[in-house]
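What follows is a single structure, written as structure tokens, with notes after it.
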Amino acid sequence: MKVPPCPACGAARTIPGACPGCGAVQGEGHVCPHCRGLTRVEPHPTLRWVCAACKGPKLPIPIADPVKLETSRVMLREAKPVPRSGFVPVAAILFTLSTLLALMSTMTIGKAITLVAAWTVFGLLVRARRTRTEKSNGALDRAYSLAVQDYARNGAASAKEIANMLGVSEDQAEGELTLLAAENPTRIEVNADGDVQYRVGEEPKSDLEDFDERLAAAEKKKKASL
Ligand SMILES: [Zn+2]
Ligand SMILES: [Zn+2]
């Protein structure tokens, strides 16, 4: 994708609307879905990229398509992790202590039932937390998938390029592109560096594409030779 240089400092850019030189960001696509600020992103160990201001998950590249942009915002808001509560570890200690105390005295049926019930509730609590984490990871994946789709529709994209830009693995980028190509007309070409590039939304190039042109040229040649 060709990106014009930064209007503020003139530095070359690879991501539309985000300058690596002076840090200027422009455009609706860079507005943070959490704090609504026009903010830069910074890398994050589990959320890939976060807003430099509010630390909520944010895409490093803008999405041009308004529908996809809107959906990605919903996904990013869903992906925002719930603040870690200190409740779970404290509850674990209390549960363990009370279990030990109960075991130290003689066990009665009532005590046993209470213990089993208490540990079951605790297990459900832990599971609910895990489900929530899985849900937000899924939402984050969907937001990134939308970014890949949008990027590949606005010009040729290779897995390496997308992986670098989004901070995901090359395998993951390749997977997204293959999926896209399976569901949409896609032209696949090899660029000068030998990287496979995907142009999603363009009809695949066929040998018959210039058939009429070649036939017309051949007829013209035939006529000229007569
Ligand atoms: Zn700049
Ligand atoms: Zn923010």
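Just one of the listed residues (144, 198) is within 30 Å of residue 84 (Cβ to Cβ), touching a residue at least 40 places away in the same chain (Cβ under 8 Å) and not charged (D, E, K, R), and it is 144. Here residue 52 clears all of (1) of a type in the set (Gly, Ala, Ser); (2) within 14 Å of ligand 2 (Cβ to nearest atom); (3) free of Cβ contacts under 8 Å to residues at least 12 places away in the same chain except the condition numbered (3). Candidates 63, 113: the one that is touching a Leu at 6+ places or on another chain (Cβ under 7 Å), surrounded by 10 or more Cβ atoms within 10 Å (Cβ to Cβ) and not aromatic (Phe, Trp, Tyr) is 63. Within the stretch 179-196, restricting attention to residues that are closer than 20 Å to residue 146 by Cβ and surrounded by 13 or more Cβ atoms within 10 Å (Cβ to Cβ), which residue is modelled with the lowest pLDDT? Ranking the candidates gives 184 first. Scanning the stretch 19-39 for residues that are within 22 Å of residue 163 (Cβ to Cβ), surrounded by fewer than 16 Cβ atoms within 10 Å (Cβ to Cβ) and either without any contact (Cβ under 8 Å) to a residue 24 or more places away in the chain or in contact with a His (Cβ under 6 Å, 6 or more places away or on another chain) (or both) turns up at least one hit.
Can you tell me which residue in the stretch 1-11 is farthest from ligand 2 (Cβ to nearest atom), limited to those that are over 16 Å from residue 161 (Cα atoms) and aliphatic (A, V, I, L, M)? Give the derivation first.
First, pick out the residues of the stretch 1-11 that are over 16 Å from residue 161 (Cα atoms): 4-11.
Those still in the list that are aliphatic (A, V, I, L, M) too: 8, 11.
Values: 8: 21, 11: 24 Å.
Once the filter is applied, the top-ranked residue is 11.
If I filter the stretch 50-69 down to residues being under 14 Å from the mean Cα position of the chain (by Cα) and either assigned to a helix (DSSP H, G or I) or among the aromatic types (Phe, Trp, Tyr) (or both), which single residue comes out as nearest to ligand 1 (Cβ to nearest atom)? Residue satisfying both the conditions and the ranking: 69.
On the stretch given as the stretch 136-168, residues that are touching a helix residue (DSSP H, G or I) at 6+ places or on another chain (Cβ under 6 Å) and not in a helix (DSSP H, G or I) total 1. Taking the condition of being out of contact with any strand residue (DSSP E or B) (no Cβ under 7 Å at 6 or more places or on another chain), among the aliphatic types (A, V, I, L, M) and part of a loop (DSSP other than H, G, I, E, B), how many residues in the stretch 4-49 meet it? Count: 4.
The values are calculated or read from the model by the stated rules, or taken from the named source; none is laboratory data. No experiment lies behind these values; they were computed from the predicted model shown. Reconstructed Cβ throughout: ideal geometry from the backbone, glycine too, with neighbour counts over all protein chains shown.
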